[in-house]
Amino acid sequence: QKEVEQDPGPLSVPEGAIVSLNCTYSNSAFQYFMWYRQYSRKGPELLMYTYSSGNKEDGRFTAQVDKSSKYISLFIRDSQPSDSATYLCAITQGGSEKLVFGKGTKLTVNP
Amino acid sequence: GAVVSQHPSRVICKSGTSVKIECRSLDFQATTMFWYRQFPKKSLMLMATSNEGSKATYEQGVEKDKFLINHASLTLSTLTVTSAHPEDSSFYICSARVTGDSPLHFGNGTRLTVT
C-alpha cells in the first residue's frame, strides 16, 4: 500500500462549482498536512497547512483532516477558471521528516 | 513572506556540459533546502537534502557525482548537473522551510533540456 493515495483525475467542472479533492494515507504517524497548487511549468504553491483534525478555512478554500480515517480533503467553493491547476496533497511526520506527496489531481474549471 | 527564488527558469545545454541551478531563500534563512525532480504528469521526487555547511544527503538511486549540491550559505543552495545527458532533461525544483515544522515553500522550478 502506498503511503499517500490521490486520485489523479483529471477533474473537469463548470465555473462556480464546488470542488472536492481527496487523499488517503496509511501511516498514523503523519501529523502535518498540506495542499499545494501547481500551475503548468511552475513550482508548487502552498495553499493550506494544518496539523490537527477538523476544518481550516482560507477564503474559498477549506482543508479538512480526519485522522481517524486517515483522510484529507480540500474543498474549493465558487471555483474559477484561474483555479485550473494540479493540486497535490503532501503529508509529513514533522520535524526533519520528508514530505510524502500524492500524485496530484489535475483540475480544469470551465468558464 | 517565505519566498524561494530559483534561477534560471529554463536552460538548454548540450550533452556533456554541466549546468548550475541556484536556489535562494529571499526573506528567511534556510539551514536545509530540498531538491526535487518532476517528470511530466508525475509527482515530485525528492533527490537530495541540502544542508548548510555540510554534505548533502542523497536519496537512494540518485547519483551524487552527477548531481552536485552545494549549500554555501544560509540563503543559497546550488545544484550542478554534471556531464548532462538527454535523460537528465527534466523539471528541477528546490524548496525550503522557515522552521523545522513549517511547510515547505517551493521555487518556480528550472526546466532543463539537454540536446
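Determine, yes or no, whether A:Asp78 is away from chain B (no Cβ under 14 Å), surrounded by fewer than 16 Cβ atoms within 10 Å (Cβ to Cβ) and of a type in the set (Asp, Glu). In short, yes. Residues in the range A:34-60 that are in contact (Cβ under 8 Å) with a residue 24 or more places away in the chain and either assigned to a strand (DSSP E or B) or within 13 Å of the chain's Cα centre (by Cα) (or both) were compared, and the one that is surrounded by the most Cβ atoms within 10 Å (Cβ to Cβ) is A:Pro44.
Listed by first and then second residue, the pairs linking a residue in the range A:70-89 that is in a loop (DSSP other than H, G, I, E, B) to a residue that is among the basic types (Lys, Arg) and surrounded by fewer than 23 Cβ atoms within 10 Å (Cβ to Cβ), with Cβ atoms under 9 Å apart and 6 or more places separating them unless they lie on different chains, are A:Arg77/A:Arg60; A:Asp78/A:Arg60; A:Ser79/A:Arg60; A:Gln80/A:Arg60; A:Ser84/A:Lys106. None of A:Lys56, A:Lys42, A:Lys103, A:Lys67 is among the basic types (Lys, Arg) and more than 14 Å from chain B (Cβ to nearest Cβ) except A:Lys67.
The rows are residues; the columns are (1) among the basic types (Lys, Arg); (2) more than 14 Å from chain A (Cβ to nearest Cβ); (3) in a loop (DSSP other than H, G, I, E, B); (4) out of contact with any Leu (no Cβ under 6 Å at 6 or more places or on another chain).
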residue	(1), (2), (3), (4)
B:Lys41	yes, no, yes, yes
B:Leu46	no, no, no, yes
B:Asn70	no, yes, no, yes
B:Ser77	no, yes, no, yes
B:Thr80	no, yes, no, no
B:Ser83	no, yes, yes, yes
B:Ile93	no, no, no, yes
B:Arg111	yes, no, no, yes
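Within the range A:86-100, the set of residues being on the phi > 0 side of the Ramachandran plot and either more than 9 Å from every other protein chain (Cβ to nearest Cβ) or touching a strand residue (DSSP E or B) at 6+ places or on another chain (Cβ under 7 Å) (or both) comprises A:Gly94 only.
Read the figures in this text as sums done on the coordinates, not as results from a lab. Predicted model only: the values in this text are computed from it and were never measured. Positions of Cβ are backbone-derived with ideal geometry, glycine not excepted, and every protein chain shown enters the neighbour counts.
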